[in-house]
Structure formats: structure tokens, C-alpha cells
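First comes the structure, then the notes that go with it.
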Amino acid sequence: MQLRRCTQGICLVILLLLSGALALDDPALLRAGSTLAIGVLGQYLVFDSEVRKIASSVQCRRTLGRNMVRRGTSLQVTSRITLRGMPRVHVIIEELPPQKTLLMDGETTIDTVPGSPGQTYVCRYRIIPLIHGDLRFSGISLTFKNLFFSETLILSRETETDPVLSVLPAGLFQAPASDSLEGTRDNRKASILSTVDIHSLREYQPGDDLRHVDWKISAKYNKMYIRKYSTPTSFPPLIIVDLPWCGAPYPEKAFAKMISEVTGMVTDTLQSFQHISILFISGPNIIHLIREEKNPAHCLAELKEWMHPAERSVHFYHMPDRNDLRSMIRHCEDAGAQARDPQVRAALETLKERYSGILYCQRNPAFAGQITRTLSQLLLNNAYLFTLGCGDTSHIRHVVRPLRTCQVQVTVRVVEEAREGRPARRDTFSAARGVGA
Amino acid sequence: MNTFPPEFRFLVPLAAGIIAITAYVRPETWYLAPALLLAFLGIYAVSRSWPDRGFYLVCSGMLLTTAAGTMNLWAGLFTVWMVGGTICSSHGILKETQDFHSFLCFCGITTAVALLIEFSNHVVIPLSILAAGFVMVLVVQSVRVYQFKKHYSGGAS
């Protein structure tokens, strides 16, 4: 409970009167001060009683635009709050969105009409979740005000915090702003015309090698300038980790083996190249991208955070790549042209029609575009894809194809449990023979 | 049709009462209470559009109450009731039956307190009793508010 300015002044008067009564031993001052204090206390009790009546009448019903939302995307929320107003109490309702969300637009504060019996107030707004997971609304905040007092009450019971918002993870599809410079990136790649290229010039400092002085520029500006060279370097491999779906059983031993393999490869790569990029996917969902991380401790901490079965908002089931479908159609056409047996030709024709039908109906999945945008930020020559190979693996084809298009050598590693009495399946195989192709 | 504002129900008896009591008691400083009454009426008339009007009315009303209380116990009590009624009516918090019940309750308690002060020789004892009563009420109220907020926060206080 807070005293409003008027009540604060009255309380000061009470204190003055009572202290004056005590100092002067004057009953008249004590009477005046005590009656005023009784009046203020009585008003407070009346206010408290009215606040309780209003709070007990509050009903909140909240509906979401979607049940599940991806992190970073907006969500429409509609709240209907019913309460019984009291004549002299002004109530301000404030909707409290879940924590770690950003209010995009709309109003979360409602000014109610005092004394209205059982009126319903509607509040519509849009939020953007900033983290993934299950987020619960924080409830509603009611601010009661009358002439003398104000009180804020936060209703956060289950009825006021429902429903739970399920936020799915989203991939990072944009390069950080620090690495972008007016739409270009300095990749420090050497020119193909020479093995050594000049990266930049700077002023001479004592101790610099005089052989690196750019005499022409130095003569022009009458200052010693040193050339900074860049040499051809190889880029660290991109490690892609295909996490299993948390909604289905998965081979835990194989997953543990995959974790140790990924960790080992990350450590080796960091020692060799000083930085590494790791992309976490779970089926056709991009979970997280660690981009050119240089700190081994931070990198391992990120691995620990993200290497676990993940939720999949999108699932593929035998989703063929459109390029593969086109090549199959071409193959059927070629084979049909060469076939002499009419039955074989008819069969190939039927197959071609089926493939054409699938190609016509099937659109390019969003996942392929997301992968392309994510990979476009990275400079790489090699990529390693770690997967358990359980469930549908057609998404792997959608990862491998854009990499191969960029002349990146891709190695798919299907991690399996070692089984006694059975020869171990060949782990590593080229993407050309592709999983799910 | 009644065109007078509701606070006139208290303001007119207050003015009449103060004048009558002053005339009846005839104190040495007979001009004090009527002067403070005029000040109260003036502030009442001037402060209609002021923010925190209640504070100004209370300040001027308490001066009048103290002045009337020095004349007579019942004069002081009467002034308290009328000033209280005027302030409540002018703020629109004395309209319904429930409000009048609360006001009557206030009058009863102030009477009891005034009698307690009157029958005590000094200020210290009634002030201590009143302070203890206030502290008790506030402690009980703070516990109630804690439980109330705990209930509405879903058990997590």
C-alpha cells in the first residue's frame, strides 16, 4: 500500500499534532491528531475492503495466436479480463507478458471505468519470444487508486498465468553486424594470381622488417609504410551436428559416442586453426550456430549446452530433394528412349509420371533456404556432418547439396553403437553416396 | 429541486454551531474560532479546482477543530464530525448507506477517544493507548495483506 501525496501531507499533520500534544501536554491537540489518524486508518480499511472485493471478481482468459511459436517470431496474444469495479476505486490493469519476451506492438495497459459492474476488458498485443522453451505468462498487475491510497497487486495464480507458451528454437541466419562492412566481408583470401597478396599498409614502427617497406607509397607520402601480407590459408572445417529428436527413443550409447567424437574433433580443429564453426541441427530444424569461435573453454561450454536431444517443430518423411527428382526424371527419360521392350518403356514412363507428379506438388522446403543462408556466412573448404542416422534422414540431403554446390567437401559420419558379433558398419562415407538420397 | 451541494448538510451546521458555541462559552479569544471558520470556508470555496484539495481542507479543518476543542470537549467533537462530513461529502465519499454507516462508526470511535482523553489527566497515557491500538491494527492488517497477496500470487510470496 502506498500513500498518495495528499495522504502523506495529512500524515505529516497528524505527526505534528501528536508531537505538539506530547510537547505541550495539550488534550485538544491530541484529540485533533487522534481523530485525524482514526479517519485515515478508517479510509485505509475501507480501501482495503474494496480492493479485496475487486480482486476476488477478476477473471482472466488469455488466447494465443498459435500454440507453438519459433523463437524470434511474433505471436498475437488476446487477453479478456473481467472485473467488478467499485465506485471510488480506479483500477488500471496491466498485462504481464512472459519474461524474456519483447513487446512488439499493442497495448498491455487498460484503464478501467470505476463503478462498472462486471465489465470485460480486452487487451491485444504481439510479443516476440527471445529464448526457447516453455514460457509462462507472468500474470496480470492491478493498480488500485482512490483519493488517499494506491495499491499494486500482481495476480500470478495458474488461472492468470495460463496458457504456457511453447517456444521452439530458431537458427541464426544472419552474420553478426561486427563482421559486416557495407555488405562486404574481408576474407583475407590471397589472390589466385600470386601466392602472396598485400592485405594492408601501415606506418613503419621500429623493429619492422625493412624488406617489407613499400617504397613507392613511402615516397609519395614522405613517410615509411610497411606492407602487411596475407598468405593462402586453409579454413577450418564446419562441424554439423544432427541432434536426435527428444520426442522419440534414440540410441543413447551412440549419442554419447557422437558427443565424444565431436568434442575431440572440435579440440583438434581449435588447435590447428584457432577457430571453429559448429552448426547444430535436429532433423530439418536449425538449432544453433557457433560461428568462428576462438575460445576453447567457451566452445566446450556451448557444446555442453547444446549437445542434447532437441525438439523438432518440422519433420521430414522421405522428403526427396527437387534436384534429385529432376535427375531421376531425366534418367527415366534416357532409359525409356533406349529401352526396346514396350513393358519396360511403359514402366519407366509410369515412374517418370510419378516423379513429375511429386516434383509438381512438392515445394522447396524452408529448411533448404535456411541452410543456404546460414552457410553463406561461413568460409570453409570442408564440412563434417555427425548424425545418428535414426529416424528419417532425408534432411541430410538438403544439408549436403548446398555445401557441395559451394565446392565444399562433405563427410557424413553416421555414429553407431558397436555391436558384438556383428561387423561394424562402415562409419564414414561420402555424401555422394548420400544418406537419405 | 435541491441545488445545494451535499457538503452543505455539514457546512451550514458547522458554521451555525461554531457561532453558537462561541457565543455560549464566551472564551477570552472569542474571535479565534470564527476566524478559523472563515478560513475553512474560504479554503473550501477557493480550493474547488485544486489538486489534493483534501489536504488543504484537513489542514484548515484541524486548526478549527483545535480551536473549538480548547473551548469545550463537545465543541471539538462536533467540529470534528462536521469537518469530517464536509471533507468526505466534498470528495464524494459520503453518498451511499454504507458510507454513512462508516461515518457513524467514525463518530462513535472519535467520541470514545475524546472521552478517554478527557478523563486522563495527561496526554502521555491516552497517547500510549492510542499508539498501541494503532500498532495492533496495523500489525493485524499487515498479516492480512501478506496472506491476501500470497493467495493471489499463487502461493509464492
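The values are calculated or read from the model by the stated rules, or taken from the named source; none is laboratory data. Here the structure is a predicted model, which means the values were calculated and not measured. Please note: Cβ atoms are built from the backbone with ideal geometry, for glycine as well, and neighbour counts cover all protein chains shown.
Some notes on this structure:
- Within segment A:64-73, one or more residues are in the same structural domain as A:LEU130 (by TED's automatic domain parsing), surrounded by fewer than 20 Cβ atoms within 10 Å (Cβ to Cβ) and either among the aliphatic types (A, V, I, L, M) or part of a helix (DSSP H, G or I) (or both).
- Tally, over segment A:359-386, of residues that are exposed (fewer than 15 other Cβ atoms within 10 Å of the Cβ) and outside any loop (DSSP other than H, G, I, E, B): 4
- Screening B:LYS150 on (1) more than 10 Å from every other protein chain (Cβ to nearest Cβ); (2) loosely packed, with under 12 Cβ neighbours inside 10 Å shows it passes everything except condition (2).
- Filtered by the rule that a residue be exposed (fewer than 13 other Cβ atoms within 10 Å of the Cβ) and on the phi < 0 side of the Ramachandran plot, segment A:108-119 gives A:THR109, A:ASP111, A:VAL113, A:PRO117.
- Candidates are the residues of segment A:281-339 that are among the aromatic types (Phe, Trp, Tyr) and either in contact with an Asp or Glu (Cβ under 8 Å, 6 or more places away or on another chain) or outside the structural domain of A:VAL412 (by TED's automatic domain parsing) (or both); the one that is nearest to A:PHE367 (Cα to Cα) is A:PHE316.
- Candidate set: segment A:338-354, residues that are of a type in the set (Lys, Arg) and more than 46 Å from the chain's Cα centre (by Cα); chosen: the one surrounded by the fewest Cβ atoms within 10 Å (Cβ to Cβ): A:ARG340
- Those residues of segment B:48-58 which are part of a helix (DSSP H, G or I), more than 9 Å from every other protein chain (Cβ to nearest Cβ), in contact with a helix residue (DSSP H, G or I) (Cβ under 7 Å, 6 or more places away or on another chain) and modelled with pLDDT under 90, in sequence order: none
- Of all the listed residues (A:ILE290, A:ILE278), the sole one being without any contact (Cβ under 8 Å) to a residue 24 or more places away in the chain, part of a strand (DSSP E or B) and either under 18 Å from the mean Cα position of the chain (by Cα) or at positive phi (or both) is A:ILE290.
- For segment B:91-118, a residue qualifies if it is closer than 22 Å to B:LEU11 by Cβ, among the aliphatic types (A, V, I, L, M) and more than 7 Å from chain A (Cβ to nearest Cβ), and the qualifying residues are B:LEU94, B:LEU104.
- Condition met for A:THR78 (in contact with a Phe, Trp or Tyr (Cβ under 6 Å, 6 or more places away or on another chain) and more than 8 Å from chain B (Cβ to nearest Cβ)): no
- Pairs are defined by a Cβ separation below 6 Å, a sequence spacing of at least 6 or placement on different chains, a first member in segment B:30-48 that is among the aromatic types (Phe, Trp, Tyr), and a second member that is crowded, with 16+ Cβ neighbours inside 10 Å; the pairs so defined are B:TRP30/B:THR22; B:PHE40/B:SER60; B:PHE40/B:GLY61; B:PHE40/B:LEU64.
- Residues being at pLDDT below 85 and not in a strand (DSSP E or B) - total across segment A:108-148: 9
- Looking across segment A:103-141, just one residue is within 14 Å of chain B (Cβ to nearest Cβ), closer than 30 Å to A:ARG312 by Cβ and in contact (Cβ under 8 Å) with a residue 60 or more places away in the chain, and that is A:PHE137.
- Checked against (1) at the interface with chain A (Cβ under 8 Å from one of its Cβ atoms); (2) part of a helix (DSSP H, G or I), B:SER142 meets all criteria but (1).
- The single condition among (1) touching a helix residue (DSSP H, G or I) at 6+ places or on another chain (Cβ under 9 Å); (2) assigned to a loop (DSSP other than H, G, I, E, B); (3) of a type in the set (Gly, Ala, Ser) that A:ALA32 does not satisfy is (2).
- Cβ-Cβ under 8 Å pairs, at least 6 apart or on other chains, segment B:68-86 side more than 10 Å from chain A (Cβ to nearest Cβ), far side in a loop (DSSP other than H, G, I, E, B) and of a type in the set (D, E, K, R): B:GLY85/B:GLU7; B:THR86/B:GLU7
Conditions (1) out of contact with any Pro (no Cβ under 6 Å at 6 or more places or on another chain); (2) more than 7 Å from chain B (Cβ to nearest Cβ); (3) within 22 Å of B:GLY85 (Cα to Cα); (4) not aromatic (Phe, Trp, Tyr), marked per residue:
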site: A:GLN2; (1), (2), (3), (4): yes, yes, no, yes
site: A:ALA21; (1), (2), (3), (4): yes, no, no, yes
site: A:LEU24; (1), (2), (3), (4): yes, yes, no, yes
site: A:LEU30; (1), (2), (3), (4): yes, no, yes, yes
site: A:GLY33; (1), (2), (3), (4): yes, yes, yes, yes
site: A:ALA37; (1), (2), (3), (4): yes, no, yes, yes
site: A:VAL40; (1), (2), (3), (4): yes, yes, yes, yes
site: A:LEU45; (1), (2), (3), (4): yes, yes, yes, yes
